[in-house]
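Some notes on the structure that comes next.
The values are calculated or read from the model by the stated rules, or taken from the named source; none is laboratory data. Predicted, not measured: the structure shown is a model, and the values here were computed from it. Virtual Cβ from ideal backbone geometry, glycine too; neighbours counted across all protein chains shown.
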Amino acid sequence: MVLLVVALALPVAAIQAQDDVVELRMVYYTDGNEDVVTRELLDRFEAENPDIRVVMDVVAYNTILENLPIQLAAGEGPDMARVTDLGGLSQYYLDLTPYLEDPAYWEENFGPYLEWLRPPGDETGIYGFQTQLTLTGPYINRTLFEQAGIPVPSDENDNVTWDEWAEVTRQVAEATGTEFAMAIDRTGHRAAGPAISMGAQFFNEEGRPVLVGDEGVLAFSEMLLQWNEDGTMPLEVWAGSSGSYAAANEYFINGQVVLYMSGSWQIGQFNQLIGDSFDWEAVPNPCGDTACTGMPGGAAVVALATTEHPEEVGRVMDYLASTEVFSEFAARTLFLPSHLGVAESGVEFETELPQTLKSLEVFTAGVAQIDPIAYDLQGYAFNRIVFDSWRDRLTQAMVGELTLEEALQRAQEDIDAGLAETETE
């Protein structure tokens with residue numbers, strides 16, 4: 001009888017232990033292998049912290065852009081999420097400061113990027129951490145240049161202009177039978193760096209975003225329309241994805257384009273999916289009249305106010321942001337580290353491909369070339385309104401629904417209306 005009681009009691013104890021486990025949900029998107037790396041790191045965390053279980057919901061990037069904001073606005077959502085609309089979603093973040101073991105550590109190692117996550121007027125809150133520092137910039141298919149017998153212009157000159165790249169990549173495409181000379185992701189963020197290089201200011205003296213009358217915005221908008229009209233770029237990327245972000249990475253992976261304008265986050269994916277199938281590499285950001293800049297950025301894992309377990313979320317965040325764990329994450333994902341301590345000590349990236357290492361070096365060097373306006377635009381809490389309005393109205397101009405003048409005017413009206421809406425909330 002005693003043995004029976006013990007046998008019956010064991011499942012009850014197991015149920016009680018299971019009930020003590022706090023389950024947290026993290027919504028996560030991935031560009032390469034970072035979801036796999038993060039899951040393995042969380043497995044170790046759970047082994048050391050058996051009272052917490054983290055469920056990762058890995059979703060498409062457009063789900064983060066389009067569905068997550070709707071959930072959060074409805075008062076629903078996960079405990080944590082990996083996001084790129086850093087300031088635009090800040091009203092939904094949880095200030096982790098009371099739940100972190102050492103907030104000073106976060107300030108010391110993530111200080112410059114903590115500002116990107118803070119709501120307007122907040123100068124002290126800690127809401128999450130950048131998983132990486134990113135920089136927009138182009139990649140080339142060097143193999144195509146070699147087959148065409150045409151030198152890569154950036155081998156001799158770091159200050160190659162966009163006009164020069166367009167001309168030489170058209171020559172390479174024609175000589176090799178490649179479908180397109182260039183491609184660029186469908187997003188205002190990707191177009192902003194070239195526009196700033198051509199003199200775009202994006203803000204007026206009062207700090208309000210303004211596109212109409214901005215000569216740099218006009219100059220690159222004209223270029224982008226021309227390249228899509230004359231076949232230099234695949235029109236389908238911008239015209240075939242109305243209302244949403246679209247990447248052109250598959251064109252580059254499949255060898256259909258000579259130059260691809262995207263960013264440093266593609267390195268891990270190219271390392272994995274292209275490998276040494278052809279010689280690919282990043283090249284310095286092309287120049288305009290005033291700069292040779294890309295746009296800084298990156299994704300961040302943030303805590304969300306919808307959580308019912310802020311203390312446990314703080315423990316997970318402290319673990320992922322710790323020096324040792326963050327360093328391993330950067331090494332395995334091939335990301336530029338946003339952790340200042342890790343950046344200073346250096347990262348031994350886990351790759352032997354020379355094109356991967358060279359691309360990391362190019363983007364690292366490019367950080368020093370970032371124009372101050374690019375930092376201002378990235379740190380602007382409502383930059384998503386600017387990027388999306390510009391992108392969508394440019395698409396209408398590309399397909400002939402609007403003139404470029406009309407497109408920029410409509411984009412400005414969209415921006416003004418979007419900002420007015422945020423001011424009344």
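Just to check your reading of the model, which residue among 121, 128 is at positive phi and touching a strand residue (DSSP E or B) at 6+ places or on another chain (Cβ under 9 Å)? Within the list 121, 128, the selection yields 128.
Yes or no, residue by residue, for (1) closer than 27 Å to residue 96 by Cβ; (2) modelled with pLDDT of 95 or more; (3) in contact with a Pro (Cβ under 6 Å, 6 or more places away or on another chain):
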residue	(1), (2), (3)
279	no, yes, no
283	no, yes, yes
294	no, yes, no
300	yes, yes, no
305	yes, yes, no
314	yes, yes, no
320	yes, yes, no
332	yes, yes, no
338	yes, no, no
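If you go through region 220-234 and keep only what is over 23 Å from the mean Cα position of the chain (by Cα) and either assigned to a helix (DSSP H, G or I) or without any contact (Cβ under 8 Å) to a residue 24 or more places away in the chain (or both), you end up with 222, 223, 225, 226, 227, 228, 229, 230.
When residues in region 166-219 are screened for being over 21 Å from residue 298 (Cα atoms) and part of a helix (DSSP H, G or I), 16 of them pass.
Going by the structure shown, is residue 325 of a type in the set (Val, Ile, Thr), assigned by TED's automatic domain parsing to the domain that holds residue 79 and over 18 Å from residue 108 (Cα atoms)? So residue 325 does not fit the description; no.
Take the residues in region 47-97 that are of a type in the set (Ser, Thr, Tyr) and not in a strand (DSSP E or B), then tell me which one is farthest from residue 243 (Cα to Cα). For region 47-97, the residue satisfying everything is 97.
As a summary of the residue check, residue 114 satisfies the conditions (1) in a loop (DSSP other than H, G, I, E, B); (2) free of Cβ contacts under 8 Å to residues at least 40 places away in the same chain except for the one numbered (1). Pairs linking a residue in region 414-425 that is on the phi < 0 side of the Ramachandran plot to a residue that is acidic (Asp, Glu), with Cβ atoms under 9 Å and 6 or more positions apart or on different chains, are 414/388; 414/392; 418/388. Only one entry in 79, 85 is at pLDDT below 95 and touching a Lys or Arg at 6+ places or on another chain (Cβ under 9 Å), namely 85. Does residue 139 satisfy being out of contact with any Gly (no Cβ under 7 Å at 6 or more places or on another chain) and under 30 Å from residue 151 (Cβ atoms)? Taking the combined requirement at face value, the residue satisfies it.
When you look at residue 251, is it more than 17 Å from residue 362 (Cβ to Cβ), at pLDDT 95 or above, surrounded by fewer than 22 Cβ atoms within 10 Å (Cβ to Cβ) and not aliphatic (A, V, I, L, M), yes or no? Against the criterion (more than 17 Å from residue 362 (Cβ to Cβ), at pLDDT 95 or above, surrounded by fewer than 22 Cβ atoms within 10 Å (Cβ to Cβ) and not aliphatic (A, V, I, L, M)), residue 251 qualifies. Taking each residue of region 33-53 that is under 15 Å from residue 20 (Cα atoms) and looking for partners that are part of a helix (DSSP H, G or I) and β-branched (Val, Ile, Thr) with beta-carbon atoms closer than 9 Å, six or more apart or interchain, yields 49/316; 52/316.
If the condition is being among the hydroxyl-bearing types (Ser, Thr, Tyr), in contact with a helix residue (DSSP H, G or I) (Cβ under 7 Å, 6 or more places away or on another chain) and surrounded by fewer than 23 Cβ atoms within 10 Å (Cβ to Cβ), then region 277-302 contributes only 290.
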